[in-house]
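Asks: Please read through the structure below; I'll follow up with questions.
The values are calculated or read from the model by the stated rules, or taken from the named source; none is laboratory data. Source: prediction; values computed, not measured. Every residue, glycine as well, gets a Cβ built from its backbone with ideal geometry; the counts of neighbours run over all protein chains shown. These area figures cover heavy atoms from the full protein model, side chains too; ligands, DNA and RNA do not enter into them. Shrake-Rupley method; radii C 1.70, N 1.55, O 1.52, S 1.80 Å.
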Amino acid sequence: MLGFLSARQTGLDDPLRLQRVESTRRVWGLELNKDRDVERIHGSGVNTLDIEPIEGRYMLSGGSDGVIVLYDLENSSRQPYYTCKAVCSIGRNHPDVHKYSVETVQWYPHDTGMFTSSSFDKTLKVWDTNTLQELKILAIEVLDLEIQAEEGKDEKTGGTDKSSRLYLGILETADVFNFEETVYSHHMSPVATKHCLVAVGTRGPKVQLCDLKSGSCSHILQVSQNYTVSFDFSNILHVISYSCFAGHRQEILAVSWSPRYEYILATASADSRAKLWDVRRASGCLITLDQHNGKRSQAVESANTAHNGKVNGLCFTSDGLHLLTVGTDNRMRLWNSSNGENTLVNYGKVYNDSRKGLKFTVSCGCSSEFVFVPYGSTIAVYTVYSGEQITMLKGHYKSVDCCVFQSNFQELYSGGRDCNILAWVPSLYEPVPDNDDETTTKSQLNPAFEDAWSSSDEEG
């Protein structure tokens with residue numbers, strides 16, 4: 001570390017190199033944080049998590065009970081032991097609560113004033129968080145009273161119930177999109193500047209794009225012999241007929257926009273296929289990913305399959321140059337997003353028994369990027385480009401359904417069917433048993449922290 005600091009100070013190294021090396025070291029040392037808890041609100045499994053990209057402070061969670069919770073991850077108390085409190089929740093008593101399981105929640109990429117949620121109740125809802133600002137000062141005062149009550153300074157304060165009553169029913173829906181089929185997944189582009197489209201995957205074989213500006217949902221990517229694709233942008237309606245559109249044949253389990261190109265969309269389906277689309281084109285998808293790289297299906301592109309089972313999860317790398325997919329064939333594959341080539345990186349068996357979308361994530365800003373994949377009741381950590389399994393994060397009692405990476409502090413949050421949200425934070429060293437054996441002690445060190453320095457005198 002001192003060598004990197006010296007090289008940066010003298011200008012011998014790019015400043016980003018130190019940042020990347022330290023980020024990598026921190027990811028190598030991820031472990032369950034025993035000093036931090038996330039307040040338990042959900043009465044059933046946690047399906048989805050998302051951390052806003054502006055400050056990295058607020059986190060959303062969606063559960064099988066239809067409840068959505070907004071957490072503040074910042075340690076305002078400055079105490080070593082603390083709990084990440086729920087700022088507000090959309091509970092069963094809320095008039096706009098989802099009727100069934102919430103499958104996806106996502107912050108608006110450019111502002112914390114809005115987020116979206118989709119559910120098995122066939123709706124996509126847009127929520128306005130600006131209404132929370134009206135009670136922000138009052139909530140802080142109540143929080144101070146709660147802290148005083150815990151310290152025994154004020155026995156008259158009621159506790160967290162009072163804070164909950166202040167926020168009850170404050171969040172309101174700004175818009176609601178209704179669909180004919182159950183909604184499995186949705187996603188907004190993190191880099192879009194020329195459109196406000198939300199891609200939605202449903203139980204049907206069509207991918208729908210909802211425009212937040214106009215409130216319409218008319219751009220549909222689907223399979224049919226003869227059908228009509230309509231575009232409703234800027235209040236101008238264009239209706240064009242096409243045929244032999246190579247779309248999906250079964251439900252869409254996952255969708256994701258490219259973090260590099262704002263018009264490129266990836267979709268994953270139960271028909272064993274994953275596709276890349278340019279939504280400006282109506283002539284069909286750009287690429288149908290083929291696990292055999294065209295060796296077995298050169299004649300018919302529609303025969304290409306990405307997995308030998310359902311493709312129920314996908315995620316772009318942070319630079320958008322590669323795409324990761326997971327399937328119920330217990331395999332994870334890495335694809336070149338520019339040409340759709342299977343890079344043939346071998347991750348081994350990646351256990352996956354999920355019947356719906358699997359939410360996994362990748363690191364950002366590391367020398368060697370990592371991917372975090374729910375693996376039963378654990379989370380498997382792999383290096384993206386070599387396929388090496390780094391570790392298995394154990395802490396949940398039941399299956400893990402989602403995880404999200406906080407890139408500012410290299411932290412990981414995971415949600416499972418045990419109703420818990422766990423925080424995984426960097427630790428410099430792995431636990432070392434009380435042993436005087438120097439060799440054993442060195443072997444316990446995380447490989448990322450091993451000192452590779454050697455003296456020429458000692459070598460001699």
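Asks: Restricting attention to region 315-368, which residues are of a type in the set (A, V, I, L, M, F, W, C) and more than 19 Å from Trp277 (Cβ to Cβ)?
Replies: Val326, Met332, Leu334, Leu344, Val345, Val350, Leu358, Phe360, Val362, Cys364, Cys366
Asks: Give the number of residues within region 184-215 that are under 19 Å from the mean Cα position of the chain (by Cα) and of a type outside the set (A, V, I, L, M).
Replies: Summing the residues that are under 19 Å from the mean Cα position of the chain (by Cα) and of a type outside the set (A, V, I, L, M) in region 184-215 gives 8.
Asks: Just to be sure before I move on: is Gly340 surrounded by fewer than 23 Cβ atoms within 10 Å (Cβ to Cβ), closer than 18 Å to Tyr263 by Cα and not basic (Lys, Arg) in the structure I sent?
Replies: When the stated conditions are applied, Gly340 passes them.
Asks: Considering only region 406-421, state which residues are surrounded by fewer than 23 Cβ atoms within 10 Å (Cβ to Cβ) and hydrophobic (A, V, I, L, M, F, W, C).
Replies: Selection gives Phe409, Cys419.
Asks: Let me ask something additional. Quick one: which of His248, His219, His238 is at negative phi, more than 24 Å from the chain's Cα centre (by Cα) and modelled with pLDDT of 50 or more?
Replies: Matching residue, one of His248, His219, His238: His219.
Asks: Cβ-Cβ distance below 7 Å, separation of 6 or more or different chains: which pairs start in region 413-436 with a residue that is in a loop (DSSP other than H, G, I, E, B) and end on one that is among the aliphatic types (A, V, I, L, M) and modelled with pLDDT of 90 or more?
Replies: Filtered contacts from region 413-436: Cys419/Val46.
Asks: Within region 79-98, track down each residue that is open to solvent by 50 Å² or more (accessible area, probe 1.4 Å) and free of Cβ contacts under 8 Å to residues at least 40 places away in the same chain.
Replies: Hits for region 79-98 are Gln79, Arg92.
Asks: Please specify each residue of region 178-196 satisfying the condition of being touching a Lys or Arg at 6+ places or on another chain (Cβ under 9 Å) and either open to solvent by less than 40 Å² (accessible area, probe 1.4 Å) or at pLDDT below 90 (or both).
Replies: Phe179, Thr182, Val183, Tyr184, Ser185, His195, Cys196, listed by residue number.
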